[in-house]
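Some notes on the structure that comes next.
The values are calculated or read from the model by the stated rules, or taken from the named source; none is laboratory data. Given the structure is predicted, the values throughout are model-derived calculations rather than measurements. A quick note on method: Cβ atoms are made from the backbone with ideal geometry, for glycine too, and the neighbour counts reach across all protein chains shown. Quick note on the areas: whole protein, heavy atoms, side chains included, nothing else; ligands and nucleic acids left out. Shrake-Rupley method; radii C 1.70, N 1.55, O 1.52, S 1.80 Å.
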Amino acid sequence: MKRNLILEHRIAGSTCVLACLRDSALQCWARSSRGRRRSQPKTFVALALFSVIPLLGGCPRKELPPGDKPVSISVSSPSPSPAPIPTSFNGERALTHVKQQLEFGPRPPDTPELVKTRNYIVNELKSYGLTVSTDEFVANTPQGRKKMANIIAEIPGESSNVIIIASHYDTKFFKDLHFVGANDPGASVGTLLEIARVAASSSTKPKSTYRFVFFDGEEAFCEGWDDCGTPENPDHTYGSRQYAQELVDRHQAQNVQALILLDMMGYTKLELGRDTMSSRWLQNIIWQTGRELGYTKIFVDRPEGVGGDDHEPFLRAGIDSVDLIQLNDYSYWHTPEDTLDKISAESMKIVGETVLASLPRIAAHPSAGTRPSAAQ
Ligand SMILES: [Zn+2]
């Protein structure tokens, strides 16, 4: 899906430790995770379910070069009892959604196969009782003008605050390669649909509005993430840039407490490192929630450098965002081998349950929605 960062963590050990203690975890993380970008395709590359989820706090550890000691950083715990969501995520249902997408074949933007995928997603969301809309637009790409459409569905909350949960639904265009994208993005689409179904089935109105957004055109048309395009009109993230800009133009960005992006999180050998661009408080809640659910080996503290994804336009718009992604050790990334046998219902369930349990905690967190709006 995207390029990778070489994770060169040139952390000046003690300096960073002190800085971490002094500053916020996010600031330190940003300093420590600067890496050198390169385009290098392929190299990177339960305990029982609770119907009531307990509260949490967070305590991240940074991955340091050999010889450096990990640093624990305390983060504030969300306060009192957010409304629980029953976690009845069905991994098999999510897997069925993936199978259906793969039956459509490769699904690049502005193809009949992606239209079929879009219709499938829309019909599923409607069947959960959600109001669904599509936001159609035309994007200028290296292959000319392409018709694209984001899909949006919403569960109204008690307040005007919004939490967006998102995935892209296009597959990368390849001229001479049959790429079906079971993990990229089949698994995240299937998981997002199942999250929407479970959330829609709750009898309790959520505190914040939950919005499910499926982005068109995340993938670059050219082979590499930065091979084509310009800084003003890059060859990737067409749908997410369109949607984030709409939020800004409509003065709605300030109502968005968080964006949770799912992307490549269905691998049978699931392990999620911490995306280095993500908002730390948000990531902490999700990591801590996953661990409380027993997924300590899934939500790990090593950094995951992805170099760019659909959360980037939201971060630029001043919206705190997190990317749940396993890129660097998924060797089937952007290959014909990104097929159904590489993903599992269990992996999707782990992520789905964790996201569902995290939502009320995010809504109640004091950091939610406090990020000053960035340059627009
Ligand atoms: Zn991709």
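The table below lists the values:
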item	result
Subset of the range 173-218 [part of a strand (DSSP E or B) and surrounded by fewer than 24 Cβ atoms within 10 Å (Cβ to Cβ)]	Thr209, Arg211, Val213
Counted residues, the range 284-306 - those being open to solvent by 10 Å² or more (accessible area, probe 1.4 Å) and among the small types (Gly, Ala, Ser)	1
Enumeration of residues in the range 239-283 that are assigned to a loop (DSSP other than H, G, I, E, B), out of contact with any helix residue (DSSP H, G or I) (no Cβ under 8 Å at 6 or more places or on another chain) and either surrounded by 24 or more Cβ atoms within 10 Å (Cβ to Cβ) or among the aromatic types (Phe, Trp, Tyr) (or both)	Ser278
Among the residues listed as Val122, Val162, Val138, Val132, the single one being closer than 19 Å to Arg93 by Cα and of a type in the set (Val, Ile, Thr)	Val122
Test for Met265: is it closer than 26 Å to Ala345 by Cα and of a type outside the set (Ser, Thr, Tyr)	yes
From Gln257, Gln288, residue being farther than 26 Å from Ala182 by Cβ, more than 16 Å from the ligand (Cβ to nearest atom) and more than 15 Å from the chain's Cα centre (by Cα)	Gln288
Selection from the range 119-150 of residues that are surrounded by fewer than 21 Cβ atoms within 10 Å (Cβ to Cβ) and assigned to a helix (DSSP H, G or I)	Asn119, Tyr120, Val122, Asn123, Lys126, Ser127
